[in-house]
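The values are calculated or read from the model by the stated rules, or taken from the named source; none is laboratory data. A quick note: this is a predicted structure, and the numbers were derived from the prediction, not measured. Counting neighbours? That spans all protein chains shown, and the Cβs are built from the backbone with ideal geometry, glycine included. Each accessible area value is taken on the protein alone, full model and side chains, heavy atoms only, with ligands, DNA and RNA left out. Shrake-Rupley method; radii C 1.70, N 1.55, O 1.52, S 1.80 Å.
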Amino acid sequence: MAHRQVKPPIHYVGTPVMLFSTSNEDGTANLAPASSYWALGDMVVLGLEDSSMTAANLLRHGEITINFPSPDLVPAIEALGDVTGMLPVPAAKADTYVHVKDKFSFAALTPAPSTHVSPPRVDECDLQLEAVLRRATPGIGGYVIAEVEVVTVHARDSLIIDGTNHIDPRSWKPTIYSYRHYFGLGQDHGRRPSSPLNRSGDTASTAPTKQ
């Protein structure tokens, strides 16, 4: 089939949804959904709106938790989609956003104490990262690019391959955000030779044979 040039308004081809928890000036927690994320080793790069409470808190305190909700938490994700911790509400958001102070309660989510940073984790999320800010680049088209280092990972017991520190991708159920729609993971189409499942003797899903 032929290709043609297009100019889509967004380029979210498919990234995980996250809930960012940061500390407000008064010590309470802010919570916000996001989907701009990539990782390299223990370093994670996050994209934040520069007018957001998340950006203000992270630049001030330098700590964040990155919580990955499963698809059953989409109602909570959407509840947080058009609310802001900023007061007054920034002019660019005034037509669609409202101020909410306690976002955990607003989204019916539970804060869980972190071990190495101040912001709480989201207890309902199966995978949670504690991270500290290493570098921030503001002024990128209305966004802040934040480079954070993961210092602690919390995973639900059911996600961990027994006797290892590996996450079992067969049990891991992230929410994927693609062109303003939410999806879960689909069929397993193969794996890399370095997958820990190969070492466990699992051969149920292997990489396609190269022709």
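Could you please find all residues in region 40-96 being of a type in the set (Ser, Thr, Tyr) and either out of contact with any Phe, Trp or Tyr (no Cβ under 8 Å at 6 or more places or on another chain) or modelled with pLDDT of 95 or more (or both)?
Pass one, region 40-96, residues of a type in the set (Ser, Thr, Tyr): 51-52, 54, 65, 70, 84, 96.
Matches in region 40-96: Ser51, Ser52, Thr54, Thr65, Ser70, Thr96.
For region 36-72, what are the residues that are over 16 Å from Val148 (Cβ atoms) and in contact with a Ser or Thr (Cβ under 7 Å, 6 or more places away or on another chain)?
Met53, Pro69, Ser70, Pro71
One residue is enough: does region 33-46 have a residue meeting the conditions farther than 17 Å from Tyr177 by Cα and in contact with a helix residue (DSSP H, G or I) (Cβ under 6 Å, 6 or more places away or on another chain)?
No, the conditions are met nowhere in region 33-46.
What's the number of the condition Asp126 fails, among (1) of a type in the set (D, E, K, R); (2) modelled with pLDDT of 95 or more; (3) farther than 23 Å from Val45 by Cβ?
Failed condition: (3).
Please find, within region 97-126, the residue that is most open to solvent (accessible area, probe 1.4 Å) out of those that are over 15 Å from Ala79 (Cβ atoms) and part of a strand (DSSP E or B). Before the answer, list the steps.
If we filter region 97-126 for residues that are over 15 Å from Ala79 (Cβ atoms), which is where we start, we get 111-121, 123, 126.
Of the ones still in play, those that are also part of a strand (DSSP E or B) are 111-112, 121.
Details: Pro111: 73, Ala112: 10, Arg121: 35 Å².
Across region 97-126, the extreme among qualifying residues is Pro111.
Looking at (1) touching a Lys or Arg at 6+ places or on another chain (Cβ under 9 Å); (2) part of a strand (DSSP E or B); (3) not polar (S, T, N, Q), find the lone condition where Tyr182 falls short.
(1)
Looking at Val13, Val74, which is the one that is in contact (Cβ under 8 Å) with a residue 40 or more places away in the chain, under 16 Å from the mean Cα position of the chain (by Cα) and part of a loop (DSSP other than H, G, I, E, B)?
Working: Val74 fails: part of a loop (DSSP other than H, G, I, E, B).
Criteria check complete, one pass: Val13.
Within region 105-124, count every residue that is within 17 Å of the chain's Cα centre (by Cα) and more than 17 Å from Glu63 (Cβ to Cβ).
Going residue by residue through region 105-124, those that are within 17 Å of the chain's Cα centre (by Cα) are 107, 109-112, 114, 117, 119-124.
Applying the additional criterion that residues be more than 17 Å from Glu63 (Cβ to Cβ) yields 107, 109-110, 123-124.
Residues meeting the conditions: 5.
Just to be sure I understand, how many residues within region 1-38 are closer than 16 Å to Leu133 by Cα and open to solvent by 50 Å² or more (accessible area, probe 1.4 Å)?
Total meeting the criteria: 2.
I'd like the full set of residues that are farther than 16 Å from Asn67 by Cα and open to solvent by 40 Å² or more (accessible area, probe 1.4 Å), limited to region 148-178.
Of region 148-178, the ones farther than 16 Å from Asn67 by Cα are 158, 160-166, 168-171, 178.
Within region 148-178, Ser158, Ile160, Asp162, Gly163, Thr164, Asn165, His166, Pro169, Arg170, Ser171 qualify.
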